[in-house]
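The values are calculated or read from the model by the stated rules, or taken from the named source; none is laboratory data. Since the model is a prediction, treat every value here as computed from it, not as a measurement. Here the Cβ positions follow ideal geometry from the backbone for every residue, glycine too, while neighbour counts run over all protein chains shown. SASA here: full protein model, heavy atoms, side chains in, ligands and nucleic acids out. Shrake-Rupley method; radii C 1.70, N 1.55, O 1.52, S 1.80 Å.
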Protein chains: 2
Amino acid sequence: MTYRHPDRDQIRIEGVLSALGHPVRLSAVRVLDAGGEHNCGSVLRVLGITAKSTMTHHWRVLRDSGVIRQEPAGRENLLTLRRVDLDARYPGLLDAVLVGAATDGVTTG
Amino acid sequence: MTYRHPDRDQIRIEGVLSALGHPVRLSAVRVLDAGGEHNCGSVLRVLGITAKSTMTHHWRVLRDSGVIRQEPAGRENLLTLRRVDLDARYPGLLDAVLVGAATDGVTTG
């Protein structure tokens with residue numbers, strides 16, 4: 001299964017902010033930003049989330065807003081943060097958000 | 001009528017991002033950021049919104065998240081952007097958001 005992603009110039013700031021404005025999604029983005037290869041399962045393990053089905057919606061919101069890419073890789077989906085695209089469109093935004101999330105100690109619950 | 005506002009240290013980044021992640025609210029914040037004294041009516045006039053009632057919810061979201069203050073001033077409510085508080089908590093965030101909103105030409109509809 002392949003997913004549709006907005007092109008860089010189709011990304012809208014209100015969509016990005018709305019996508020990041022949820023503790024579970026913001027926590028997932030922090031995991032992706034911390035580096036390493038991630039699929040859905042590995043992010044959930046880091047976050048301590050066991051209900052995989054509830055994340056399907058969150059991955060879609062992050063994907064549709066242009067925050068992440070979700071692409072098939074073997075039997076899994078590789079998840080990546082679209083940092084280059086986001087930094088190009090909104091300089092300084094992602095860094096300010098991630099620093100703020102660290103300041104606030106955003107967690108999934 | 002007086003409204004409750006979170007103290008600076010009660011502001012949470014996911015709440016701020018969620019509040020800003022809506023075109024009407026983001027447009028209203030841009031109006032407040034542009035300067036001048038504003039009440040609900042004057043912001044609506046700038047935005048070209050005639051349905052005052054639909055804004056009541058948006059003002060509450062912006063207020064509860066710590067993005068704006070809404071305080072009685074005579075027979076009106078004075079609206080102000082909490083720039084000092086937001087800049088103190090999340091350096092660079094509000095500027096990056098406002099620049100991004102300008103880039104995208106965010107409007108209310």
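At-a-glance table
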item: Meets criteria (within 14 Å of chain B (Cβ to nearest Cβ), in contact with a Leu (Cβ under 9 Å, 6 or more places away or on another chain) and at pLDDT 95 or above) for A:GLY15; result: no
item: Every residue from segment A:47-57 that is open to solvent by 20 Å² or more (accessible area, probe 1.4 Å) and either in contact with a strand residue (DSSP E or B) (Cβ under 8 Å, 6 or more places away or on another chain) or on the phi < 0 side of the Ramachandran plot (or both); result: A:LEU47, A:ILE49, A:THR50, A:ALA51, A:LYS52, A:SER53, A:THR54, A:THR56, A:HIS57
item: Selection status of A:GLY36, open to solvent by 60 Å² or more (accessible area, probe 1.4 Å) and either hydrophobic (A, V, I, L, M, F, W, C) or part of a loop (DSSP other than H, G, I, E, B) (or both); result: yes
item: Contacts under 7 angstrom Cβ, first residue in segment B:30-43 being without any contact (Cβ under 8 Å) to a residue 60 or more places away in the chain, partner crowded, with 18+ Cβ neighbours inside 10 Å and of a type in the set (S, T, N, Q), 6 or more apart; result: B:ASN39/B:ASN77; B:CYS40/B:ASN77
item: Set A:ARG30, A:ARG25, A:ARG8: member being open to solvent by 60 Å² or more (accessible area, probe 1.4 Å), under 28 Å from B:ARG8 (Cα atoms) and within 14 Å of chain B (Cβ to nearest Cβ); result: A:ARG30
item: Search result, residues across segment B:13-22 that are open to solvent by 20 Å² or more (accessible area, probe 1.4 Å) and free of Cβ contacts under 8 Å to residues at least 40 places away in the same chain; result: B:GLU14, B:HIS22
item: Segment B:82-91: number of residues that are assigned to a loop (DSSP other than H, G, I, E, B), closer than 18 Å to B:ARG25 by Cβ and within 11 Å of chain A (Cβ to nearest Cβ); result: 1
item: Residues (touching a strand residue (DSSP E or B) at 6+ places or on another chain (Cβ under 8 Å) and either open to solvent by 10 Å² or more (accessible area, probe 1.4 Å) or small (Gly, Ala, Ser) (or both)) located in segment A:60-76; result: A:ARG63, A:ARG69, A:GLU71, A:PRO72, A:ALA73, A:GLU76
item: Residue check, B:GLY100 assigned to a helix (DSSP H, G or I) and either modelled with pLDDT under 95 or in contact with a Pro (Cβ under 9 Å, 6 or more places away or on another chain) (or both); result: yes
item: Out of B:LEU44, B:LEU94, B:LEU79, sole residue that is among the hydrophobic types (A, V, I, L, M, F, W, C), open to solvent by less than 70 Å² (accessible area, probe 1.4 Å) and not in a helix (DSSP H, G or I); result: B:LEU79
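The rows are residues; the columns are (1) modelled with pLDDT under 95; (2) more than 14 Å from every other protein chain (Cβ to nearest Cβ).
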residue	(1), (2)
B:HIS38	yes, yes
B:LEU47	yes, yes
B:VAL61	no, no
B:ILE68	no, yes
